[in-house]
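Participant: Mind looking over this structure? Questions follow.
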Amino acid sequence: MNVLIVFAHPERRSLNGALLDVATAELQAQGHEVKVSDLYAMHWKATVDQADFPDLPADERLKVASASSREFAEGGLTEDVKGEQAKLLWADTVILQFPLWWFTMPAILKGWVDRVYAYGFAYGVGEHSDRRWGDRYGEGTMAGKRAMLVVTAGGWPEHYSARGINGPIDDLLFPINHGILFYPGFTVLPSFVAYQVDRLDEAGFTILSEHIRERMRTLATTAPIPYRKQNDGDYQIPTMELKPKLEKPGAVGFSLHIAGEKTG
């Protein structure tokens, strides 16, 4: 298996860095090939601007989607972006690893998504008509590949529980799992989340290391999050609303988009 880890932490000697080493070593011990995009070490440019589209005339107003579409189709995107796109196409499994900062990913990782997910590559693909709303949410360029998040958080597990003050961790990560990963076609595995990492001692790290080793050993067999595919008949086109009576009993919000027993 080819595994790409996109790593977003500014300190390589951090707990995140140690977990990256553990995960990489375990994957390689299992015979997998691993590539790591260490965004801070790469000095990754985190903002989309006119410099991302070299062929755009200096006096032309920047429209990111159309500029991205044109440059991708013509092979004109910058070399750093094309390099990351090639890694994504190479990978069978993609892991995004980051600390949870202000309830989401660090800006540098969001900037990686903004720049690498070009129109025509990660979105804007497939037939777009009154019968089909493109190849997305379970289909698209990344279909057939697996992906997951490795996340560290300072708070307690209870803080991120159903009644916790920070909100359920699955809800906080839904825009990343469902939007950034499932949207372009990835099969999304449950996230690996480490809590109270600022208070972790050596014994705790030993336990945590074994947990992440186990997740790396089971990448190919772990059951994915059963998100509903857009074009499998569960959604009404063009409103893209879930059809009546398809939700799980009592399901609301994000959980509507996870398949369960049909009620009608």
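Participant: With the structure loaded, tell me whether Met148 is surrounded by 14 or more Cβ atoms within 10 Å (Cβ to Cβ) and closer than 19 Å to Pro226 by Cβ or whether it fails that test.
Facilitator: yes
Participant: Considering only residues of region 209-233 that are at pLDDT below 95 and part of a helix (DSSP H, G or I), which is nearest to the chain's Cα centre (by Cα)?
Facilitator: Ranking the qualifying residues of region 209-233, first place goes to Gln230.
Participant: Looking for whichever is outside any helix (DSSP H, G or I), within 22 Å of Ala122 (Cα to Cα) and without any contact (Cβ under 8 Å) to a residue 60 or more places away in the chain here; the options are Val94, Val36. Which one fits?
Facilitator: Only one candidate passes the filter, namely Val36.
Participant: Listed residues Pro249, Pro244; which is touching a Ser or Thr at 6+ places or on another chain (Cβ under 9 Å), loosely packed, with under 11 Cβ neighbours inside 10 Å and at pLDDT below 90?
Facilitator: Selected residue: Pro249, the only one of Pro249, Pro244 that is touching a Ser or Thr at 6+ places or on another chain (Cβ under 9 Å), loosely packed, with under 11 Cβ neighbours inside 10 Å and at pLDDT below 90.
Participant: Ok, one more. For region 81-90, check the following and say yes or no: at least one residue is at pLDDT 95 or above, assigned to a strand (DSSP E or B) and out of contact with any Cys (no Cβ under 7 Å at 6 or more places or on another chain).
Facilitator: So far as region 81-90 goes, no, none of its residues is at pLDDT 95 or above, assigned to a strand (DSSP E or B) and out of contact with any Cys (no Cβ under 7 Å at 6 or more places or on another chain).
Participant: Answer yes if at least one residue in region 164-183 is more than 22 Å from the chain's Cα centre (by Cα) and surrounded by fewer than 18 Cβ atoms within 10 Å (Cβ to Cβ), and no otherwise.
Facilitator: We begin by selecting, within region 164-183, every residue more than 22 Å from the chain's Cα centre (by Cα); these are 164-165.
Filter once more, so that each one left must be surrounded by fewer than 18 Cβ atoms within 10 Å (Cβ to Cβ): 164-165.
Yes, the conditions are met somewhere in region 164-183.
The values are calculated or read from the model by the stated rules, or taken from the named source; none is laboratory data. Computed from a prediction, not measured in an experiment: that's the story for all the values here. Using ideal geometry, Cβ is built from the backbone for each residue, glycine included, and neighbour counts are taken over all protein chains shown.
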